[in-house]
């Protein structure tokens, strides 16, 4: 089995694909998550100080990008062994991608309909007290929360990129010939509103790419919607249509059209 770097837009199904890796026999090693540095607790402030860049660093995070030292990322990459995986929210640059490929990682990029990403983002941040954006976000009205998920936010202590900018940030990964791009909608299967045949084909391709035993595919299919991975929410591919206010849906579809077309969602 290979070393794997799994990249995704936040709320694009990271936990679903990570569970597939778990079921295939892989073990989580590290997470390149800006939340580990942005939370307003003393442990996170210490981590932020210790990992601050002395010179040019690496950008991690997509919704809330921050710069940390290259040495910090390098240590994570170097410590990861075959049969392990790193989850990450990385964009805007191909620097970490290039370094991971140099170190013989197999890279995976998870994408999802951006409108579904927004629908998943709102309840997640509103309910998750450990999210660095929770305090400000939870004080907004539901309509304002969806506008923030879509348009972004500039606050006193924290900001959020617009959904369009966050999607564009993935271009280096999506355009990489070495990276396997997987759609969330293709691996949810019939239970998630998708197609069982496509699910099995994609999981088989994934297993082949990362050196996992293909005889475990049926086991993955049977158990991917089971317990575990607590932030994996509904998993229904069209549930966003019932959750996002209709007026915001229309504007969102219009303004995200270039992304939706490129990712084959319209």
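The values are calculated or read from the model by the stated rules, or taken from the named source; none is laboratory data. The model shown is predicted, which means the values in this text are computed figures rather than measured ones. So basically every Cβ, Gly included, is an ideal-geometry build from the backbone, and we count neighbours across all protein chains shown.
Values as computed for the structure displayed
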{"item": "Per-region count, the stretch 244-264, residues surrounded by fewer than 17 Cβ atoms within 10 Å (Cβ to Cβ) and part of a helix (DSSP H, G or I)", "result": "11"}
{"item": "Which numbered condition residue 140 misses (of (1) assigned to a loop (DSSP other than H, G, I, E, B); (2) under 17 Å from residue 119 (Cα atoms); (3) out of contact with any helix residue (DSSP H, G or I) (no Cβ under 7 Å at 6 or more places or on another chain))", "result": "(3)"}
{"item": "Test: residue in the stretch 44-58 that is modelled with pLDDT of 90 or more and in contact with a strand residue (DSSP E or B) (Cβ under 7 Å, 6 or more places away or on another chain)", "result": "no"}
{"item": "Scan of the stretch 143-159 for residues that are part of a strand (DSSP E or B) and either more than 12 Å from residue 125 (Cβ to Cβ) or over 23 Å from the mean Cα position of the chain (by Cα) (or both), ordered by number", "result": "154, 159"}
{"item": "Candidates 24, 32, 5, 38, filtered to the one that is touching a strand residue (DSSP E or B) at 6+ places or on another chain (Cβ under 9 Å) and modelled with pLDDT of 90 or more", "result": "5"}
{"item": "Qualifying residue in the stretch 66-84 (condition: buried (at least 23 other Cβ atoms within 10 Å of the Cβ) and either modelled with pLDDT of 90 or more or in a helix (DSSP H, G or I) (or both))", "result": "yes"}
{"item": "Those residues of the stretch 168-192 which are closer than 24 Å to residue 205 by Cα and part of a helix (DSSP H, G or I), in sequence order", "result": "171, 172, 173, 174, 184, 185, 186, 187, 190, 191, 192"}
{"item": "Residues located in the stretch 85-104, provided they are surrounded by 22 or more Cβ atoms within 10 Å (Cβ to Cβ) and either out of contact with any helix residue (DSSP H, G or I) (no Cβ under 7 Å at 6 or more places or on another chain) or outside any strand (DSSP E or B) (or both)", "result": "88, 89, 90, 91, 96, 97, 100"}
